[in-house]
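Here the structure is laid out as structure tokens; the discussion comes afterwards.
The values are calculated or read from the model by the stated rules, or taken from the named source; none is laboratory data. Since we're looking at a predicted model, the values are computed, not measured. Positions of Cβ are backbone-derived with ideal geometry, glycine not excepted, and every protein chain shown enters the neighbour counts.
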Amino acid sequence: MNTSAQRSIVPALPWIVGFVLLFAAPFVLGVAGIRGLLQVLVLTVAVMSLNLLTGFNGQPSIGHSAFMGLGAYTTALAVQSYGWSYWTALPVAALIAGAVGAGAGVPALRIRGMNLALVTIALALVFPQVPVRLTDWTGGTAGLTVDESLEAPAALGVSDVAWQYWVLLLIAALVFLLIRNIVHGSLGRAVIAIRDQQVAAHTVGINVRAVKVGVFAGSAAIAGVSGWMFTVAHQFVSPGDFTVLLSINLLLGMAVGGSGTLVGPIMGALFLYYVPELLPELGVDPQLTPAVYGVLLILLALFLPGGLAGGLRDLVRRLRGTAAKEESISPQPTLDAA
Amino acid sequence: MELVIQRLVDGTSNGFLYGAVALALVLIHRSTGLVNFAQGEMAMFSTFVVWKLADERLGFGLALAVAISAGLVFAFLLGAALERTVIRPFTGSGPLTLLIVTLGLYLAINSLAGYVFTTDTERLDSPFPSGGVDLGGVTITYMELGTVAVLLVVALLIRQLFMGTKLGLGLRAAAMNPASSRLAGIDVGRMMMIGWGLASAIGALAAILVAPVVYVSTNMMAALLLYGFAAAVVGGFDSPFGALVGGVLVGLIQSLAAGYLPFIGTQLQLATAFAVILLVLLVRPQGLFGRVPVERV
């Protein structure tokens, strides 16, 4: 993958075209279509954050719904109760989620594999109880509506929804570039080395502790940003939005798209948003959507462990006839046994 | 003084339920080496079967004893079938794959239960009479007494099964060293199925016992599962005895924390389970009775 071609602009062309097309979407799609894309962008960033931690670094997390919820609640409270603007709330949402993530990352140094999954699922199960406990402040189970929306600058003369879309699109693109640059740099090699063989990574001089805590904090901060995006898109938060089911859905999105790949989360987010829309039209009771998800998760793990991105990569390689020669990057993150 | 004792009594009785869920988790962890995140949902589904058989309005109105027995048999078959069809193909997979598979089961069973039965909250009668024994200001309900008694008997039976029968020997051998067991003529696959079936039935029993309190619904097991995790972590994921001790400890901690820490109140009781899991894993990752794993590079 690390050929000199990467430095030329040609491989980036599809990305640039795609970004321009997405940028033009508000001029083509109606409001409903744009609102759908807003959800996709929120999910994309959330799955990217999980993928950074679990897919690239091999630290499983079922707690990302909690980090996302922290970001969303921070934003909603800051804007609604304290009169901040969305823009000042953004770094605070990322910082708070990141700080809690760092707090969770320190024990993760000792707690690995399955045990880390236990700690993070506990976090995800406890989080929805916190706003309920603090009902006076957060509105409890009824949720919290944010009256103010992220408004477009008057000078541009565009609708708020279109503006929100562009803002979220830009943030998603920035997060993508950030993760791409991390993964392709020396830091990324350290992150992946820790996933594949922690002891060996340590032996070659990688500061395993610092990298793991840093990745945990960074991943949680990005999840906090996706929480901010959630509040921008919905202007409403409630404990029911951030249950453990969200975490499982994010894991599903990661597995569908391909864990430990860059494009995987985008495909995963598209899947998570559009499949529930499509299933009723195929005659599946909407109530059964999670059942379809669950069965799919199991089938994917069995037949397509690399997800869509991994499957596509294999297909492209096979068509080129280089499958046998090229050394394939392990599509399946491995974990140290707990 | 009475209040303290009352809290200890309630905590112990809840603790036995947590211990039962932990026992189910431990049995599966010992036999297939994975943490079964779908344990609670399997138990929930089986409890719905009991409800369907016993309910007079929406179900078949069978006697409760019949319904519970049938539910436990169903749970055993469900566990065995899931092991054979879903878990077996992943033998030898990494922990992340197994995690994703059990989470997939969680989603699928949860949503199927809502579809097959109902997404409403339903009542299931307790097999024990209402009321209780009054001991100088401290009330022990018959339900609490019955729960503890039933689970103690089950724990002893399980112990007897594992330590005193040939089947138990096979189960232990298959869990400890599948390759050698196979050479010794033990049908390891069948042992795994039986292990899963037993675990599923024990989890279902805990759910059926707790159902009169938390009612029957698709998310009835969320809290119980987390307390079960906490109990299993305290006891060490390898020790059935530790699971029960861990369950009682977690029950006591929860009951006392909810009573004496004002911030926790009723809503944040789950946070005690989180704190217990985190603390134990940080200080003594193998739990009270677990083995220290040897890491091979």
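Worth pointing out:
- The criterion of being of a type in the set (Asp, Glu), modelled with pLDDT of 90 or more and either over 26 Å from residue B:64 (Cα atoms) or in contact with an Asp or Glu (Cβ under 6 Å, 6 or more places away or on another chain) (or both) holds for residue B:187.
- Filtering segment A:302-323 for residues that are within 11 Å of chain B (Cβ to nearest Cβ), on the phi < 0 side of the Ramachandran plot, in a helix (DSSP H, G or I) and more than 13 Å from the chain's Cα centre (by Cα) leaves a non-empty set.
- Sole exception among (1) aliphatic (A, V, I, L, M); (2) surrounded by 14 or more Cβ atoms within 10 Å (Cβ to Cβ); (3) more than 11 Å from chain A (Cβ to nearest Cβ); (4) free of Cβ contacts under 8 Å to residues at least 24 places away in the same chain for residue B:77, by number: (4)
- Filter pass, residue A:79 being buried (at least 19 other Cβ atoms within 10 Å of the Cβ), away from chain B (no Cβ under 13 Å), more than 26 Å from residue A:182 (Cβ to Cβ) and not hydroxyl-bearing (Ser, Thr, Tyr): yes
- Scanning segment B:197-246 for residues being among the aromatic types (Phe, Trp, Tyr) and within 14 Å of chain A (Cβ to nearest Cβ) gives a total of 3.
- Residue in segment B:145-162 that is under 28 Å from residue B:218 (Cβ atoms) and of a type outside the set (A, V, I, L, M) present: yes
- When segment B:85-99 is filtered for residues that are assigned to a loop (DSSP other than H, G, I, E, B) and facing another protein chain (nearest Cβ under 8 Å), the ones remaining, listed by number, are B:93, B:94.
- When B:147, B:102 are checked against the criterion of being surrounded by 13 or more Cβ atoms within 10 Å (Cβ to Cβ), at pLDDT 90 or above, under 23 Å from the mean Cα position of the chain (by Cα) and more than 14 Å from every other protein chain (Cβ to nearest Cβ), B:147 stands alone in meeting it.
- Qualifying residue in segment A:219-226 (condition: surrounded by fewer than 20 Cβ atoms within 10 Å (Cβ to Cβ) and not in a loop (DSSP other than H, G, I, E, B)): no
Okay, residues lined up against (1) part of a helix (DSSP H, G or I); (2) buried (at least 18 other Cβ atoms within 10 Å of the Cβ); (3) hydrophobic (A, V, I, L, M, F, W, C); (4) in contact with a helix residue (DSSP H, G or I) (Cβ under 6 Å, 6 or more places away or on another chain):
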{"site": "B:153", "(1), (2), (3), (4)": "yes, no, yes, no"}
{"site": "B:156", "(1), (2), (3), (4)": "yes, no, yes, no"}
{"site": "B:162", "(1), (2), (3), (4)": "yes, yes, yes, yes"}
{"site": "B:167", "(1), (2), (3), (4)": "yes, no, yes, no"}
{"site": "B:173", "(1), (2), (3), (4)": "yes, no, yes, yes"}
{"site": "B:181", "(1), (2), (3), (4)": "yes, yes, no, yes"}
{"site": "B:185", "(1), (2), (3), (4)": "no, no, no, no"}
{"site": "B:190", "(1), (2), (3), (4)": "yes, no, no, no"}
{"site": "B:195", "(1), (2), (3), (4)": "yes, yes, no, yes"}
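- Flag if residue B:61 is on the phi > 0 side of the Ramachandran plot and more than 12 Å from the chain's Cα centre (by Cα): yes
- Among the helices (runs of 4 or more DSSP H) confined to segment A:1-102, the ones with at least 3 residues that are at pLDDT 95 or above and in the same structural domain as residue A:125 (by TED's automatic domain parsing) are located at A:31-50, A:64-80.
- Residue B:129 being outside any helix (DSSP H, G or I) and free of Cβ contacts under 8 Å to residues at least 24 places away in the same chain: yes
- Residue in segment B:127-138 that is acidic (Asp, Glu), exposed (fewer than 15 other Cβ atoms within 10 Å of the Cβ) and within 13 Å of chain A (Cβ to nearest Cβ) present: no
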